[in-house]
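Single-structure report; data block below.
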Amino acid sequence: MKRSPWRYVWTSRGIREKLLMTLGILVIYRLIANIPVPGFNAEVLQAFRNNQSAAGDLLSILNVLSGGTLSNFSILAMGVYPYITASIILQLLGPIIPAIEEKMKNNPREGRQWMEKWTMYLTIPMAFVSALGQIGLFNQIVPGMTVLKDFGWSGSNLIPTLANVLTMMAGTMIAIWLGNIISEYGIQQQGLSLIIFSGIVSQVPSNLVRILADLSTGWYILIISIVVLLVAVFAIVYIQQGTRNVKLMIPGQRIGYRNIKSGGSTSLPLRVNSVGMIPLIFAQSLVTFPALIASFFVNSQTVWVKSAASWIQSNFGGSSFLYMVLYFILVVGFTYFYTSVTFMNNDYGSSLKKQGAIVPGRAPGAETQAYLAKIQNRITLPGAVFLGAIAILPNILGLILGRSSTSTMIMSSSGMLIVVGVVRDILDYVQSELSQHGYDEKLIR
């Protein structure tokens with residue numbers, strides 16, 4: 001009977017140190033998440049928790065995205081989402097600006113470094129705008145009161161206001177820095193995902209308390225939420241594991257004058273969902289951005305500007321039918337867009353040509369790449385529609401049960417995808433590390 005190599009996870013020093021480093025950084029992040037912005041108004045925060053306005057709905061969505069730090073008006077209230085928004089903007093500019101697309105295609109490594117550098121540069125103004133937007137939304141909850149006691153852009157309030165905004169911006173940069181430390185010294189390439197993951201998981205106990213606070217229907221809602229959660233997680237795992245295997249032929253090779261290495265066949269797996277939860281995060285950040293910008297103008301003295309800002313905030317705040325439709329469309333669109341970008345960067349046609357592998361009936365190079373891209377586009381459709389359905393699942397459940405989408409589920413739709421995706425990636429990473437350290441199940445008896 002074979003014994004699992006997983007029993008060596010803790011005894012392997014290298015793996016143990018990486019796991020402890022990751023856990024330690026996440027603990028530090030969660031401790032910092034409880035530090036509030038100096039001078040916050042506790043009455044406004046309490047009003048936010050009981051608010052049902054458009055601003056309150058949008059803040060509830062942003063609170064889910066931030067892992068609950070917004071409800072405490074923490075210095076990490078924006079999380080890493082200004083960085084994600086900056087990344088979205090640059091990736092959208094790629095197909096539009098030929099110079100960026102050429103840079104990414106000709107030298108992928110240098111292109112990634114350029115993208116990371118300019119993403120960080122763009123994160124700074126995005127964090128500034130997001131901080132002002134969140135403060136503006138909080139200021140709308142209680143008329144005549146501000147979330148920061150010394151808020152203003154003139155007189156004696158100017159310095160405290162700038163200090164608080166810069167503190168929130170610094171919180172975002174700290175979160176990004178901690179994520180990069182995890183990616184470098186802990187679980188590789190999972191830093192930012194784990195930062196978001198920790199915030200989502202930390203919200204589960206408070207979500208349970210909020211659901212059960214309704215003594216009349218609390219247990220009924222909880223049971224429905226658990227059943228929906230289990231079914232959704234099963235469906236997520238099933239869809240994310242779905243693949244289409246494309247047959248490849250490897251021709252024989254001559255070695256020396258007489259020896260001939262025989263060829264063979266293998267397959268190239270193309271995933272139904274090859275981009276995980278990234279399109280959902282992108283769509284969520286983009287669909288809430290208009291409401292965030294509109295928060296600057298809801299108190300405008302110009303009537304039409306105030307009316308337009310109120311309309312945008314009501315329809316993009318997370319509770320309207322228009323929001324659901326746009327969210328679904330953006331998730332499907334971003335799934336196709338991000339799949340196309342990653343597929344183009346992989347350039348399977350050139351890679352297979354260099355390796356000597358061919359797709360039967362297709363010429364190596366560009367024709368093979370076009371054929372594989374066609375297959376990928378076809379199998380992406382069910383994955384994209386599924387992601388869109390999961391994205392609006394809490395909204396649909398909220399409409400059926402007559403409750404807000406943020407008070408119906410134990411975990412948000414994006415949270416489910418992120419948690420399942422991160423757990424799967426961690427398991428794959430640990431399995432890979434065990435194999436590299438010699439703890440392969442094929443070698444262990």
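Which one of these does GLN376 not meet: (1) touching a helix residue (DSSP H, G or I) at 6+ places or on another chain (Cβ under 7 Å); (2) closer than 30 Å to LEU20 by Cβ?
Unmet condition: (2).
Regarding MET169, is this residue farther than 30 Å from SER340 by Cα, outside the structural domain of TYR348 (by the TED database), in contact with a Phe, Trp or Tyr (Cβ under 9 Å, 6 or more places away or on another chain) and not aromatic (Phe, Trp, Tyr)?
yes
Just wondering, is there one or more residues in region 377-396 that are in the same structural domain as ALA235 (by the TED database), open to solvent by 50 Å² or more (accessible area, probe 1.4 Å) and at pLDDT below 85?
yes
Is it true that TYR336 is of a type in the set (Ser, Thr, Tyr), open to solvent by 40 Å² or more (accessible area, probe 1.4 Å), within 25 Å of ALA86 (Cα to Cα) and assigned to a helix (DSSP H, G or I)?
Yes; evaluated as a whole, the condition is true for this residue.
Go through region 351-372 and give me each residue that's at negative phi, surrounded by fewer than 18 Cβ atoms within 10 Å (Cβ to Cβ) and among the small types (Gly, Ala, Ser).
SER351, ALA363, ALA366, ALA370
Which of the residues that make up region 272-311 are surrounded by fewer than 17 Cβ atoms within 10 Å (Cβ to Cβ), outside any helix (DSSP H, G or I) and of a type in the set (S, T, N, Q)?
ASN299, SER300, GLN301, THR302
For region 141-156, indicate whether the set of residues that are within 25 Å of GLU433 (Cβ to Cβ) and either open to solvent by less than 40 Å² (accessible area, probe 1.4 Å) or hydrophobic (A, V, I, L, M, F, W, C) (or both) is non-empty.
No, region 141-156 contains no residue that is within 25 Å of GLU433 (Cβ to Cβ) and either open to solvent by less than 40 Å² (accessible area, probe 1.4 Å) or hydrophobic (A, V, I, L, M, F, W, C) (or both).
Going by the conditions given, is THR335 modelled with pLDDT of 85 or more and touching a Gly at 6+ places or on another chain (Cβ under 7 Å)?
The answer is yes for THR335.
Conditions: (1) more than 21 Å from the chain's Cα centre (by Cα); (2) modelled with pLDDT under 80. SER66 meets all but one. Number of the miss?
Condition not satisfied by SER66: (1).
Considering each residue of region 202-246, count those that are more than 27 Å from VAL272 (Cβ to Cβ) and in a helix (DSSP H, G or I), and give that number.
Here the count works out to 17.
Is it the case that region 232-249 has a residue that's over 27 Å from the mean Cα position of the chain (by Cα), open to solvent by less than 20 Å² (accessible area, probe 1.4 Å) and modelled with pLDDT of 75 or more?
Yes; the residues of region 232-249 include at least one that is over 27 Å from the mean Cα position of the chain (by Cα), open to solvent by less than 20 Å² (accessible area, probe 1.4 Å) and modelled with pLDDT of 75 or more.
Give region 186-201 a look and list any residue that's in a helix (DSSP H, G or I) and open to solvent by 60 Å² or more (accessible area, probe 1.4 Å), or say none.
Listed by number, the list holds a single entry, VAL201.
Can you name the condition, by its number, that TYR81 falls short on among (1) open to solvent by less than 20 Å² (accessible area, probe 1.4 Å); (2) within 24 Å of PHE297 (Cβ to Cβ)?
Unmet condition: (1).
With respect to ALA170, is the statement that it is open to solvent by less than 20 Å² (accessible area, probe 1.4 Å), of a type outside the set (Lys, Arg) and closer than 30 Å to LYS18 by Cα true?
no
Residue check: is ALA86 assigned to a loop (DSSP other than H, G, I, E, B), crowded, with 16+ Cβ neighbours inside 10 Å, touching a Leu at 6+ places or on another chain (Cβ under 6 Å) and at pLDDT 85 or above?
In short, no.
Is region 342-350 home to any residue that is under 29 Å from ALA127 (Cα atoms), assigned to a helix (DSSP H, G or I) and under 18 Å from the mean Cα position of the chain (by Cα)?
Yes: region 342-350 contains one or more residues that are under 29 Å from ALA127 (Cα atoms), assigned to a helix (DSSP H, G or I) and under 18 Å from the mean Cα position of the chain (by Cα).
Tell me, please, whether a residue that is at pLDDT 80 or above, part of a helix (DSSP H, G or I) and small (Gly, Ala, Ser) can be found in region 136-152.
The answer is no; no qualifying residue exists.
The values are calculated or read from the model by the stated rules, or taken from the named source; none is laboratory data. Computed from a prediction, not measured in an experiment: that's the story for all the values here. As a convention, Cβ positions derive from the backbone with ideal geometry for all residues, glycine included, and neighbour counts pool all protein chains shown. Side chains included, ligands, DNA and RNA excluded: accessible areas come from the protein's heavy atoms. Shrake-Rupley method; radii C 1.70, N 1.55, O 1.52, S 1.80 Å.
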